[in-house]
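Let me begin by presenting the structure, written as structure tokens, before commenting on it.
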Amino acid sequence: MKLIIASNNKGKIREYKQLLEPLGYSVVSQSEAGINIEVEETGTTFAENSALKARAIYDISKCAVLADDSGLEIDALNGEPGVYSARYGGCTNDADRVSLVLSKLKDVPEEKRTAHFVCTIHFIAHNGEEIAVEGRVYGSIGYSPIGDNGFGYDPIFMYDGKSFAQIAPEEKNSVSHRANALKALVQKLTQKESIG
């Protein structure tokens, strides 16, 4: 059964293929499905944004769709950057966004630099049934960017003594917010298979 991922991010598509193809889905990116729209993320939560994207693609394709939305929430910044993680402070690149976060946390002590990544997944089955799940990973914000792997806020997100940009992609993919959301989705899909 064909499943469209509402994204063209190659790393994300690869991760979804590994987890969902064993369940019988043939995973394709949005562009591979011939859908070239950019859905405006007007929601105020990750869940609203992932639902907007999934429903827009489903309306066009009428086939199974998966969309996600994710970001970083920092406790000392009252949950910022949150849903604005990709466009935080009007910055146009990762390095500027990372610098902005570090400048806002300049005088914040280590014990108050707690943070977590959030990922919501909105799945719509070929019959229109919708499933929403969320995954999180908890850590803290470091004092300067470290590591060459990853993207976005990974160089300053500290997990188990290392930044997300320092750990191997396989390790990150087993503990990340997206991995945790995917595990929750796979569990729900597997339960449905065994019931139906």
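Listed values, structure above:
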quantity	calculated
Residue within region 152-159 that is surrounded by fewer than 17 Cβ atoms within 10 Å (Cβ to Cβ) and among the charged types (D, E, K, R) present	no
Arg14 vs. criteria on the phi < 0 side of the Ramachandran plot and either of a type in the set (S, T, N, Q) or over 15 Å from the mean Cα position of the chain (by Cα) (or both)	no
Residue match in region 77-85 (condition: more than 17 Å from the chain's Cα centre (by Cα), modelled with pLDDT of 95 or more and over 23 Å from Glu15 (Cβ atoms))	yes
Subset of region 132-169 [assigned to a strand (DSSP E or B), within 16 Å of the chain's Cα centre (by Cα) and either at positive phi or among the aromatic types (Phe, Trp, Tyr) (or both)]	Tyr138, Phe157
Given (1) within 29 Å of Pro109 (Cα to Cα); (2) under 13 Å from the mean Cα position of the chain (by Cα), index of the condition Asp68 fails	(1)
Residue pairs meeting the criteria (Cβ under 8 Å; at least 6 apart or on separate chains; first closer than 12 Å to Leu77 by Cα, in region 97-108; second of a type outside the set (Gly, Ala, Ser) and in a helix (DSSP H, G or I))	Leu100/Tyr88; Val101/Leu77; Val101/Tyr88; Val101/Ile156; Leu102/Ile156; Lys104/Leu77; Leu105/Leu77
Some residue of region 58-75 being in contact (Cβ under 8 Å) with a residue 60 or more places away in the chain and part of a helix (DSSP H, G or I)	yes
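The values are calculated or read from the model by the stated rules, or taken from the named source; none is laboratory data. Note that the structure is predicted; figures quoted are calculated from it, not measured. With ideal geometry, Cβ positions are generated from the backbone for all residues, glycine too; neighbour counts draw on all protein chains shown.
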